[in-house]
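*Asks:* Starting off with a structure, shown below.
The values are calculated or read from the model by the stated rules, or taken from the named source; none is laboratory data. All values derive from a computational prediction rather than experimental measurement. Backbone-built Cβ (ideal geometry, glycine too); neighbour counts: all protein chains shown. These area figures cover heavy atoms from the full protein model, side chains too; ligands, DNA and RNA do not enter into them. Shrake-Rupley method; radii C 1.70, N 1.55, O 1.52, S 1.80 Å.
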Amino acid sequence: MALIVQKYGGTSVGSIERIRNVARRCLAAQREGNDVVVIVSAMSGETNRLLGLAHSVTPIPDAREMDAIAATGEQVCAALTALAIHNEGGRARSLLGHQIKVVTDDAFTKARIKTIDGSKIFATLKNGEIAVVAGFQGVDRDGNITTLGRGGSDTSAVAIAAAIKADACEIYTDVDGVYTTDPTICPSARKIDKISFEEMLELASLGAKVLQIRSVEIAMKYEVPVHVRSAFSDVPGTWVTNEDSSLEEVVVAGVAYEKNDARVHIVGIDDRPGVVADLFGQIAEKNISVDMIIQSATTESRANVTFTVPKTDLARAKPFLEEIGKALGAREVRYDEDVVKVSIVGLGMRSHAGVAAKAFRFLANEGINIQAISTSEIKISCLIAAKYTELAVRALHDGFGLHRAKGCTP
Ligand code: ADP
Ligand code: ASP
Ligand code: MG
């Protein structure tokens, strides 16, 4: 007998028929003798619909109210799932974030979990019921409803699995595992049987939305074994585990892309010490994360600064970027939302030279211009025009041999 956490994403609960499928699957796990905790997302499209409603009332909605609206998607789905289990002859109870005390900080729309009290879940299981928990949501210390950022139900699942010391955390989704790149845009993508926490963390942070980045951080910290698999079949998926030395042999393990980046170009600011510190200090104060940064000096003591911010923060950022720009003597502030960041990731990059040059060559061969670059020990990212996303992903994926069985050494 094991204690199992199963998480079902939006597509897996996208219709009443699919919710019935989920009910049958978790009942099957319970009938095998396991205690089962199910975490559900909102039905697919529902979170976008709810956030769209908020934006239709006011262009920059208050974050606290947005969370109160967005959390209802998971509330409805958890109760529907409990009803579907009842309808199959089983016993289940829905539980919301505030009911099981998923306590978070108060960073609305991107809250972080501080503590989880497992006692309500254990009481439910002891009663012979399946605990159906609404993912994505929590409550801050003042009782305000919070949400954990897009894709946050993954984090709910892994954090709950850690809190109740579950034997496994199964993430059921619309693909049957973690692939070498997004299989929906690259037909030659291959399923990976086992991936290290570190590589998964990097892929997730660079846009591979199959797991939310926070969920991987928590899995790594608390050593929660995570199994990503299909909600529609029984084939084994991908295990996300501690680093395995055999993975080091693969130089590039995966390719990811991020569409939620926008490029900001500030033209002609003063070129003197402290200017860039002022600029990014003020952006940080507004809680906006900056990713790629390029500074280039021009003639006459002026400099241009280019950087990326999340598209979702751009509307909020624009007024004060204009203001700071002016204060620093900028001639103009430009924005480009038609960009995408493509990245290659691999632990093996640590010990191989020339990987970046190869990546740039693969993009150049397709006539793709690189607008910005950033690198770390185990990743290389390039900002390109959004229209080349699929072409770039495929060129990097197949260029590094990921379509073949074991990757390749460049
Ligand atoms: P869910 O609603 O189940 O949480 P998501 O849409 O959030 O599902 O995540 C699954 C999607 O992640 C897949 O449909 C796929 O398009 C995308 N994806 C991106 N990168 C990868 C990858 N490397 N492996 C698998 N899926 C990926
Ligand atoms: N429903 C939320 C979203 O769409 C959370 C999730 O699906 O994990 O982002
Ligand atoms: Mg998701």
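*Asks:* Run the 1.4 Å probe and let me know the accessible area of Asp291, rounded to the nearest 10 Å².
*Replies:* Ignoring ligands and nucleic acids, Asp291 comes out at about 60 Å².
*Asks:* Just how much of Glu65 is accessible, in Å², when a 1.4 Å probe is used and the result is rounded to the nearest 10?
*Replies:* Near enough 90 Å² of accessible area.
*Asks:* Just the number, please: Stokes-Einstein D of the stretch 211-308 in µm²/s, Kirkwood Rh from C-alpha pairs, 4 °C, 1.567 mPa s.
*Replies:* Here the translational diffusion coefficient equals 72 µm²/s.
*Asks:* Here's a follow-up. Can you sort Val175, Val393 by solvent-accessible area, 1.4 Å probe, largest first?
*Replies:* Result, largest first: Val175, Val393.
*Asks:* Roughly how many Å is it from the Cα centre of the stretch 31-45 to that of the stretch 52-129, as a whole number?
*Replies:* About 13 Å separates the Cα centre of the stretch 31-45 from the one of the stretch 52-129.
*Asks:* Hey, another quick one. Answer rounded, prolate or oblate for the stretch 268-381, using the Cα gyration tensor with square roots of eigenvalues a ≥ b ≥ c: rounded when a/c is under 1.5, else prolate when a/b is larger than b/c, else oblate.
*Replies:* Note, shape of the stretch 268-381 comes out prolate.
*Asks:* Just from its helices, what would the mean residue ellipticity at 222 nm be for the chain, if runs of 4 or more DSSP H residues each count -39500 (n - 2.57) and the sum is divided by every residue, rounded to the nearest 500 deg cm²/dmol?
*Replies:* Result for the chain, helices only: -11000 deg cm²/dmol.
*Asks:* Using the Cα atoms of the stretch 119-257, I'd like the radius of gyration and the largest Cα-Cα distance, Dmax, both in angstrom.
*Replies:* Expressed in Å, the Cα Rg and Dmax of the stretch 119-257 come to 15.9, 50.
*Asks:* Determine the distance separating the Cα centre of the stretch 171-231 from the Cα centre of the stretch 277-354; give it in Å without decimals.
*Replies:* Between the Cα centres of the stretch 171-231 and the stretch 277-354 lies a distance of 28 Å.
*Asks:* Also, I was wondering about something else. Rank these by accessible area, largest first, 1.4 Å probe: Phe122, Phe280.
*Replies:* Putting Phe122, Phe280 in descending order of accessible area: Phe122, Phe280.
*Asks:* Here is a further query. Largest first, how would Asp62, Asp176 line up by accessible area (1.4 Å probe)?
*Replies:* Output order, biggest surface exposure first: Asp62, Asp176.
*Asks:* Calculate the all-directions average of the projected area of the chain's alpha-carbon convex hull, and give it in nm².
*Replies:* In nm², the orientation-averaged hull projection of the chain is 21.1.
*Asks:* Here's a follow-up. Put one equal scatterer on each alpha carbon of the stretch 1-109, apply the Debye formula with no solvent term, and list log10 I(q)/I(0) at q = 0.17, 0.19 1/Å to two decimals.
*Replies:* Debye curve over Cα of the stretch 1-109, log10 I(q)/I(0) at q = 0.17, 0.19 Å⁻¹: -0.84, -0.98.
*Asks:* Of Gly348, Gly254, Phe122, which is farthest along the charge dipole of the chain in the positive direction, counting Lys and Arg as +1 and Asp and Glu as -1 at C-beta?
*Replies:* So the residue furthest toward the plus end is Phe122.
*Asks:* Next up: Compute, for Asp270, the solvent-accessible surface of its heavy atoms (probe 1.4 Å) with the complete set of protein chains present, and express it in square angstrom to the nearest 10.
*Replies:* Number for this one is 40 Å².
*Asks:* Here is a further query. In debye to the nearest 20, how big a dipole does the stretch 103-215 give about its Cα centre with +1 on each Lys and Arg Cβ and -1 on each Asp and Glu Cβ?
*Replies:* 120 debye
*Asks:* Quick one: putting +1 on the C-beta of Lys and Arg, -1 on the C-beta of Asp and Glu, what dipole do you get for the stretch 1-82 around its Cα centre, in Debye to the nearest 20?
*Replies:* 360 debye
*Asks:* May I pose another question? For the chain, with only Lys/Arg (+1) and Asp/Glu (-1) charged at the beta-carbon, what is the dipole magnitude about the Cα centre, in debye rounded to 20?
*Replies:* 540 debye
*Asks:* Something else now. For a Förster distance of 51 Å, can you work out the FRET efficiency between the beta-carbons of Glu390 and Lys126, rounded to the nearest 0.05?
*Replies:* Efficiency for this residue pair is about 0.55.
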